[in-house]
Amino acid sequence: MEQAIVLAGNPNSGKTTLFNALTGARQHVGNYPGVTVEKKQGTCLSEAGRFEVIDLPGTYSLTAYSLEEVVARDYIVNENPQMVVNIVDASNLERNLYLTVQFMEMGLPVCIALNMMDVAKKRGVKIDTEKLSQLLNIPVVPTVARTGKGKQELMKVIASQPSGPVKPLDISYGPDIDQALDGMEQIIESGGFLTHRYRARWVGLKFFENDQQIIELGQKQDEKIASKLAAVVEQTTKHLRSTLDTHPEGVIADQRYGYVNSLLRQGIIQIHQDENRLRLS
Ligand code: GDP
Ligand code: K
Ligand code: MG
């Protein structure tokens, strides 16, 4: 069977540029089934082997807030690629890693192509890619998609990753949501509720995020479990509102950003003032 990888990331992170650099002329364009979202597919012949490559629609999150998010998420879950190659804009790390974290929460095999390294360098920003890789526990390969720099290294790293299940990332969402998620996870697992496609804790999280696609899929499978989960969400929401004057979706976004920032604060980014630039300005 041919090895398949997907390119995923924020809009304008350089996905299509990297896709072109990897596949050259060996590509074709179609649509995802049933929707008018463009699907680019191609073949990468690298030193590390032959790969089928898909350029997924750009997204900022993985909750069903937009068609692009649903298409990207569904494609990954249905096709089960060997690797999700997350194109991260090195000049905008915080925003981009917010999506990375969400791929990791789904329990997917993820690696980072840390792109736009030329832009970061020009701005005097130095990124410790090894440290970022250690902290996230996933491969990070610096790239400049525009020139093709780093693409062979990226394919080698992908080819060298062991297959098999990946340890998912579980962020703490504070005591109230964490405890609710523990309970939901048990309900979800014992009922086999959507677990043929998704990990249990992630399903619980999507109920908290009011993800209409997952909630409707769940209701179709088992109305009773779906309303049990909705009741847990409702109770926790009430509690959060009365004690902290906040709501689950807000807490979840804040904690995700908090997690990303706690990584970045550990010396990932160094800013060097360019002496020439100082003299010129
Ligand atoms: P997509 O929305 O993720 O598919 O992003 P694109 O591939 O369309 O790239 C967005 C813009 O960034 C384009 O103008 C690219 O030429 C540019 N770009 C992509 N990768 C790089 C890179 O590594 N360095 C620089 N300087 N520009 C890049
Ligand atoms: K640009
Ligand atoms: Mg694109």
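Numerical summary
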read-out: Label-point separation, Lys131 to Leu244 (7 Å along Cα→Cβ), nm; value: 2.9
read-out: Per-pair calculated FRET efficiency, R0 = 25 Å: Lys122 and Ala25 via Cβ, rounded to 0.05; value: 0.25
read-out: Nearest-20 debye value, region 51-132 charge dipole, Cβ charges on Lys, Arg, Asp, Glu; value: 460
read-out: Phi-based couplings in Hz for region 79-85 (Karplus 6.51, -1.76, 1.60; Gly and Pro marked x); value: 8, 6, x, 5, 8, 8, 8
read-out: Amide H partners (placed H, <5 Å) of Met83, local residues excluded; value: Val6
read-out: Cα-projected label distance for Lys220 with Lys167, points at 7 Å along beta-carbon direction, nm; value: 3.6
read-out: Lys, Arg +1 and Asp, Glu -1 on Cβ, resulting dipole of region 141-273 about Cα centre, debye, nearest 20; value: 760
read-out: Net charge of Cβ neighbours under 14 Å - reference Ala113; Lys, Arg +1; Asp, Glu -1; value: +1
read-out: Under 12 Å, Cβ to Cβ, from Gly204 - net charge with Lys/Arg +1 and Asp/Glu -1; value: -4
read-out: Label-point separation, Leu45 to Tyr257 (7 Å along Cα→Cβ), nm; value: 4.7
read-out: For the chain, accessible area per residue (1.4 Å probe, heavy atoms of protein chains only), Å²; value: 50
read-out: Percentage relative contact order, region 174-246, counting C-alpha pairs under 8 Å, at least six apart; value: 31
read-out: Candidate lysines for bridging to Lys40, where Cα separation is under 17 Å - those fewer than 8 sequence places away on the same chain excluded; value: Lys15
read-out: From phi via Karplus (6.51, -1.76, 1.60), per-residue ³J(HN,Hα) for region 32-41 in Hz, x at Gly/Pro; value: 6, x, x, 9, 9, 8, 5, 10, 9, 10
read-out: Between region 42-82 and region 100-151, the alpha-carbon center distance in angstrom; value: 17
read-out: ³J(HN,Hα), Karplus 6.51/-1.76/1.60, whole Hz, each residue of region 255-272, x for Gly, Pro; value: 5, 5, 5, x, 4, 4, 5, 5, 5, 5, 6, 8, x, 6, 10, 10, 10, 9
read-out: Relative contact order, percent, the chain [alpha-carbon distance under 8 Å, six or more residues apart]; value: 18
read-out: Net charge over other residues, Cβ less than 13 angstrom from the Cβ of Lys149 (K, R count +1; D, E count -1); value: +1
read-out: Surface/4 estimate of mean projected area, convex hull on alpha-carbon atoms of region 79-194, nm²; value: 9.0
read-out: Relative compactness, region 4-127, computed as alpha-carbon Rg over 2.2 N^0.38 Å; value: 1.03
read-out: Sequence-distant aspartates and glutamates (8 or more away, or on other chains) whose Cα lies within less than 15 Å of Lys228; value: Asp182, Glu185, Glu189, Glu216
read-out: Distant alpha-carbon pairs in the chain (separation over 27 angstrom), percent; value: 44
read-out: For Val140, residues with placed amide H under 5 Å, excluding near neighbours; value: Ile112
read-out: Share of pairwise Cα separations in region 174-246, more than 18 Å, in percent; value: 31
read-out: Heavy-atom accessible surface of the chain: percent carbon and sulfur, 1.4 Å; value: 49
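The values are calculated or read from the model by the stated rules, or taken from the named source; none is laboratory data. On a predicted model such as this, the values are computed, not experimentally measured, just so you know. Positions of Cβ are backbone-derived with ideal geometry, glycine not excepted, and every protein chain shown enters the neighbour counts. The accessibility values were calculated without ligands, DNA or RNA, using every heavy atom of the protein model including side chains. Shrake-Rupley method; radii C 1.70, N 1.55, O 1.52, S 1.80 Å.
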